[in-house]
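The values are calculated or read from the model by the stated rules, or taken from the named source; none is laboratory data. Every value quoted in this text rests on a predicted model; they were computed, and no experiment measured them. All Cβ positions, glycine included, derive from the backbone under ideal geometry; neighbour counts span all protein chains shown. When the accessible area is computed, the model is the full protein with side chains, heavy atoms only, and any ligands, DNA or RNA have been set aside. Shrake-Rupley method; radii C 1.70, N 1.55, O 1.52, S 1.80 Å.
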Amino acid sequence: MIDLRSDTITKPCDKMLDFMLHAKVGDDVYGEDPTVFELENKIANFFGMESAMFFPSGTMANQTAVKIHTNPGDQVVAHEYSHVYNYEGGGASFNSGVSFKLLSGNKGMFNSDQLKHAINPKNFYHSPLTKLVSLENTTNKGGGHCWDIKHFEEIKKICDENELGLHMDGARVWNSIVAQDDNPKLYGDYFDTISVCLSKGLGCPVGSLLVGRKKFIDKALRVRKIFGGGMRQAGYLAAAGLYALENNLQRLSVDHQRAEEIASGFSSKDYIKSVNDIETNIIILELDDSIEKQTIIDYFSEKEILFDWNSMGFKKIRIVTHLNYSEHDHKYLLKVIQNL
Ligand SMILES: *Cc1c(COP(=O)(O)O)cnc(C)c1O
């Protein structure tokens, strides 16, 4: 089976497992796991940030960020495609009692003008108090697009002027860094917190981190405990992250190249209405009105190829390239696309 539903489906290779198995561990709830400590320091430093904290999932890292930046009744500004609004089970309203002001915009991104107009005036007490801005890099539902660092400066300026926290949902920020050859240390200049996933393109079985200024990460320790995310000998999992940073980061460009080739295979087909511009590893196909999604599903399923048929909405299909998608798989898929 060639599974391109998501880059989360990857399984650790023998070398990663071996590295995990030999990790030095301790009880991380007591702050005594040296491998967790090493990973947290490495990631904080990587992003030019003061501090980082290991989490079991990206959802918990995002939910913790919302919690530490807001009080119940406050409002979060985010794109209408954002994961923290669409896919975390309504967690932001459940855990933090916040509402969202949603922005539209191409490819899951918005600009500083839109942001300016979305902020409720502080003294107008009829409206929720705007407290946090969250942006996604790369954009998932937006098609794996990368924010240009130059936009962060304007957005940060507006956040400062209005006393708003600024959070990046960087579940796939690795793809953005590799695709744009960005210096990730610069991110530390703009964001209060960044969540990153080890379990997507980097190919770890489990793990995310929340990176940020020290005062926020200190606050996150209690919230993570409350959410049930304090883990004991978590160094076995953190070791996978250390391995992945060394071995699986630069190779993301291979996933990006293959995504480009898949998209170009589909782009000339008359059953396709549109394909997004490929910047990283996500392809979103929109089907022409004349064809049923089920016809496409059946064709590829018969050839033992799986795409994400459900999460992107009506007439849309998501395809995500990843570490366990081989050159052999790729050649086969391109042929199957060609023959349809
Ligand atoms: C995957 C993802 C997350 C976190 O998901 P988990 O499955 O909880 O790790 C957050 N934001 C985006 C954009 C994602 O793609």
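Numerical summary
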| item | result |
| --- | --- |
| Qualifying residues in the stretch 101-136 (those that are closer than 20 Å to Q63 by Cα and within 19 Å of the chain's Cα centre (by Cα)) - the one surrounded by the fewest Cβ atoms within 10 Å (Cβ to Cβ) | L102 |
| Qualifying residue in the stretch 234-256 (condition: of a type in the set (K, R), modelled with pLDDT of 95 or more and open to solvent by 20 Å² or more (accessible area, probe 1.4 Å)) | yes |
| Residue in the stretch 8-30 that is within 17 Å of V173 (Cβ to Cβ) and within 16 Å of the ligand (Cβ to nearest atom) present | yes |
| Qualifying positions in the stretch 74-108 - touching a strand residue (DSSP E or B) at 6+ places or on another chain (Cβ under 8 Å), within 15 Å of the ligand (Cβ to nearest atom) and among the charged types (D, E, K, R) | E80, K107 |
| One residue from K273, K269, K219 being among the charged types (D, E, K, R), assigned by TED's automatic domain parsing to the domain that holds V84 and open to solvent by 10 Å² or more (accessible area, probe 1.4 Å) | K219 |
| Unique residue being away from the ligand (no atom under 16 Å from the Cβ), within 20 Å of the chain's Cα centre (by Cα) and open to solvent by less than 30 Å² (accessible area, probe 1.4 Å) when the list is G170, G143, G165 | G165 |
| Residue identified as acidic (D, E), at pLDDT below 95 and away from the ligand (no atom under 14 Å from the Cβ) among D181, D270 | D270 |
| Condition broken by E261, with the remaining ones in (1) of a type outside the set (K, R); (2) in contact (Cβ under 8 Å) with a residue 60 or more places away in the chain; (3) out of contact with any helix residue (DSSP H, G or I) (no Cβ under 7 Å at 6 or more places or on another chain); (4) assigned to a helix (DSSP H, G or I) satisfied | (3) |
| Residue check for K42: of a type in the set (K, R), assigned by TED's automatic domain parsing to the domain that holds T130, in contact (Cβ under 8 Å) with a residue 40 or more places away in the chain and more than 18 Å from G188 (Cβ to Cβ) | no |
